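The values are calculated or read from the model by the stated rules, or taken from the named source; none is laboratory data. The shown structure was predicted, so the numbers you read here are calculated from the model rather than taken from an experiment. A quick note on method: Cβ atoms are made from the backbone with ideal geometry, for glycine too, and the neighbour counts reach across all protein chains shown.
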Amino acid sequence: MDKITKQLLTDFLKDQEITSTTEAEDFEKFCNYTVLSNEYNKTFDVNTVTVGAGSDTEIDGIAIIVNGYLVDGLDTLDRRQGNFGLFCACKNLPFNLTHY
């Protein structure tokens with residue numbers, strides 16, 4: 001990892017008060033946070049959108065936003081009906097799910 005990205009990752013972990021695990025897992029959380037925070041400007045726990053854990057078809061995170069609310073469970077989805085956006089931090093996929 002280059003020095004600039006490494007420093008951004010270190011700053012992210014410190015700012016979000018996340019305990020470092022492995023560089024790969026830390027980087028997945030950093031990427032998930034970066035992608036989602038561009039679309040969702042409220043506070044959220046990056047662990048709720050991080051799903052990567054080896055043998056996961058290279059999907060590191062997924063988030064569903066309904067009427068401006070980040071869905072963190074089925075009860076949230078039941079309360080929030082209407083338009084939704086699906087944001088996915090993925091690599092090596094033949095399509096883009098950024099705004100599905």
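Assorted remarks:
- When PHE87, PHE27 are screened for being at pLDDT 90 or above and either crowded, with 16+ Cβ neighbours inside 10 Å or on the phi > 0 side of the Ramachandran plot (or both), only PHE27 passes.
- Residue ID - nearest to the chain's Cα centre (by Cα), chosen from residues in segment 30-55 that are surrounded by fewer than 11 Cβ atoms within 10 Å (Cβ to Cβ) and of a type in the set (Gly, Ala, Ser): ALA53
- Search result, residues across segment 22-51 that are within 13 Å of LEU70 (Cα to Cα), β-branched (Val, Ile, Thr) and assigned to a loop (DSSP other than H, G, I, E, B): THR43, VAL49
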